[in-house]
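> The structure is given below, and queries will be raised subsequently.
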Amino acid sequence: MPMLTRSLKPVDGAIKLLIAATLMASVVACSTSDDPPAAAATPFTVKLIGFNDFHGTLQSPGTFGVNTSIPTAQRPAVGGADYLAAHVDKLKAQNPLNAVVGAGDFIGASPLISSLFHDEPAIEALNRIGLEFNAVGNHEFDHGSTELLRLQNGGCFTTAGVADANSCKGATVGTPAPFEGAKFKWLSANVVNTTTGKTLFPAYGVKTFNGIKVAFIGMTLQATPTIVTPTGVAGLTFNNEAATVNALIPELRAQGIESIVVLVHQGGFQSSTSLSDLNGCDGDLAGSDIATIVKQLDNAVDLVVSGHTHAAYNCSAGTVDVKTVGTSVVSTPRTAGLPNALGRLVPVTSASAFGRALTDIDLTIDPTTRDVKSVTATNRLVDRTDTTVTPNAAVAAIVKAYNDLVSPLANKVIGAISKALPATASDAACNMPAGDLIADAQLTATASSGFGDAVIAFMNRGGVRSPGLTFASSTAGEGDGNVTYGEAFTTQPFGNSLVTMTLTAQDLKNVLEQQFAGCRGQAAAATRIMLPSAGFKYTWDGAKACDARISNVTLTRNGVTEVLVDTSGVVAQPTKTYRVTVNNFMATGGDGFTTFLNGTNLLGGAQDIDALTAFMSAYKAPAQPYVLGGNANDKGTARILRNGGTTCPTGAAVNS
């Protein structure tokens, strides 16, 4: 078998100096094997196995199809750490020259089975799956850099020096104790400690195949501070993704490295009219953040493995455009990629999320030039019905052990719903059933005198996680319609606390206008429609300009309706004040909602999951289940209305 070596390189000095091309690099490196043999005489292939946005999803997230034309009943069960390991092993067996890589968000926003134990279960599973290099994502910073460093290095979680009862469970679950830490390496080329001037983790890792070095540069989106609470990113600077990569190229080439892969936690979406095929690149991700990054990359970059959006796409020689033509589904292969700074098409991939899929990538390397000659990529489902793979027994045992520990809490019924409440848009206006329920829960928790006196609550849609609340009974056997604590936690896993503040009517109009890409400081490629509580309604029009999209804002309380903004978009009483509840992430300007920073008389409240649990208790048998739209203040109509449009936008195209 050919020998492999692997090294890691941290970056010293300020990244701004790197961007100015004054690289100050550390000379620290590490190797995991003996010196490699002489380089191969002929081109050879290296297999990369990529995935992204795992989010501690140790158990199957459900069924998934290769595209949206596949009938629901025909979509196989996918994912689960045991099958993810098995499919990785199957691909590795095809080529001894291989590496398993990730594009971030492998922890954070995790189901209870991982998050209750501080995401140590996810790390232990990923160690056994064989992950080697992983870019940091925004969710890696949910609990701050100190906690992330602990997860890398090992050791027990402590509070004020006292070990947490839900940490270091190795003796119970069959893993080393104390917690072993990640055997893979997080990479953070664009994340700099403001005190030391060094990157938080190495900027890149290097693995050697047949004497040829391949570099993996890892980073997260520059906008991470806008979507993570301030405590999570305290003391860190997040720099431009493309400029960071380009500044590293001379250093890599000085080491004789020409084969360069970027692992970046940023992404895009296929066009809204596509069938979102696993291997599609419809619309070439036009207007997306990842397209903007690639457009600025040095020509030395050979491949980009991306993530963040939870979308599947394959912009490479393996692209397949899948469309509905009449009553047929037609597949058309084509060579795709995203143009770099010189216009050359660079392969860019993403493998959905939650371990549903893997990207199978073959790099053909010319040993003479040490560069990548060609890239072929295919996204493959992690199919649990595939009889050619056997689930990894060691990983399955770890998952079972943690599930046994968490089940008494996770399977507790907290309430009931009359039908499924998905965490996806139900219409072009962007109403979201699960988000409505959460907003209602947060208003209820903070409406009483002394607890906030709130009259409105807003929930950020990114904080409502897939699949939402399902109606069908889970394998726990709680019964159709019943909601368990575990299901509620999966839907709202961040552990944010509630904050109630005073805002003016003008502030309310402004923050609603701030939902749209490029408006009032919102990210240029992100439209983020919030979910309001019962009784609060408004209309938006994506065809109009910034600050003119919101109209007909009303608030109904106890059957009495007040007009805050009229049908022409004029604020009736700009200085009138209202008590408004959001989570602490939003209260500190998260998701670009800086208007909430204008809030006064702030009052902290319960954790979001506690508010949701308390709210659902009113809908637990023998009481009637929660009914979407059943609140009298909604008057039987949707909370968000829209003029025009056919789909709920999430990117720059607000009038889609």
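> When the stretch 203-231 is examined, which residues are found to be part of a strand (DSSP E or B) and either out of contact with any helix residue (DSSP H, G or I) (no Cβ under 7 Å at 6 or more places or on another chain) or within 21 Å of N584 (Cα to Cα) (or both)?
Scanning the stretch 203-231 gives G205, V206, K207, T208, F209, I212, K213, V214, F216, G218.
> Go through the residues of the stretch 356-373 one by one and say whether even a single one is part of a loop (DSSP other than H, G, I, E, B) and closer than 30 Å to P391 by Cβ.
Yes, the stretch 356-373 has at least one match.
> Quick one: how many residues across the stretch 236-259 are closer than 22 Å to N210 by Cβ and either assigned to a helix (DSSP H, G or I) or touching a helix residue (DSSP H, G or I) at 6+ places or on another chain (Cβ under 6 Å) (or both)?
Counting residues in the stretch 236-259 that are closer than 22 Å to N210 by Cβ and either assigned to a helix (DSSP H, G or I) or touching a helix residue (DSSP H, G or I) at 6+ places or on another chain (Cβ under 6 Å) (or both) gives 3.
> Here are some conditions: (1) without any contact (Cβ under 8 Å) to a residue 60 or more places away in the chain; (2) of a type in the set (K, R); (3) open to solvent by less than 70 Å² (accessible area, probe 1.4 Å). K323 meets all but one. Which one does it not meet?
(3)
> Additional query: As an exercise: evaluate M459 against (1) buried (at least 21 other Cβ atoms within 10 Å of the Cβ); (2) over 19 Å from F494 (Cα atoms) and give the number of the one condition it does not meet.
(2)
> Which helices (runs of 4 or more DSSP H) does the stretch 479-598 wholly contain that include 1 or more residues that are farther than 27 Å from K635 by Cα?
Of the helices (runs of 4 or more DSSP H) lying wholly inside the stretch 479-598, those with at least 1 residues that are farther than 27 Å from K635 by Cα span 485-491, 584-587.
> Then there's this: So is S533 of a type in the set (S, T, N, Q) and within 26 Å of the chain's Cα centre (by Cα) or not?
Yes; evaluated as a whole, the condition is true for this residue.
> A further question follows. Quick one: in the stretch 194-217, of everything that is among the polar types (S, T, N, Q) and in contact (Cβ under 8 Å) with a residue 24 or more places away in the chain, which residue is nearest to V261 (Cα to Cα)?
Residue satisfying both the conditions and the ranking: T208.
> Still on this structure, I have one more. If I filter the stretch 159-176 down to residues being small (G, A, S) and either under 16 Å from S115 (Cα atoms) or touching a His at 6+ places or on another chain (Cβ under 7 Å) (or both), which single residue comes out as surrounded by the fewest Cβ atoms within 10 Å (Cβ to Cβ)?
It comes out as A165.
> Which residue pairs have Cβ atoms under 9 Å apart, sit 6 or more places apart or on different chains, and have a first residue in the stretch 598-614 that is in contact (Cβ under 8 Å) with a residue 40 or more places away in the chain and a second that is of a type in the set (D, E) and open to solvent by 60 Å² or more (accessible area, probe 1.4 Å)?
Note: pairs meeting the criteria are L603/D453.
> Among the numbered criteria (1) more than 19 Å from L278 (Cβ to Cβ); (2) open to solvent by 10 Å² or more (accessible area, probe 1.4 Å); (3) in contact with a Phe, Trp or Tyr (Cβ under 7 Å, 6 or more places away or on another chain), which one does E120 miss?
Evaluating E120 over (1) more than 19 Å from L278 (Cβ to Cβ); (2) open to solvent by 10 Å² or more (accessible area, probe 1.4 Å); (3) in contact with a Phe, Trp or Tyr (Cβ under 7 Å, 6 or more places away or on another chain) leaves (2) as the failure.
> Further, regarding this structure: Check whether at least one residue in the stretch 277-290 is within 25 Å of S145 (Cα to Cα), open to solvent by 20 Å² or more (accessible area, probe 1.4 Å) and in a loop (DSSP other than H, G, I, E, B), and report yes or no.
no
The values are calculated or read from the model by the stated rules, or taken from the named source; none is laboratory data. The structure displayed is predicted, hence computed values, not measured ones. Note: ideal-geometry Cβ built from the backbone for every residue, glycine included; neighbour counts use all protein chains shown. What goes into the accessible areas is simple: the full protein's heavy atoms, side chains included, and nothing from ligands, DNA or RNA. Shrake-Rupley method; radii C 1.70, N 1.55, O 1.52, S 1.80 Å.
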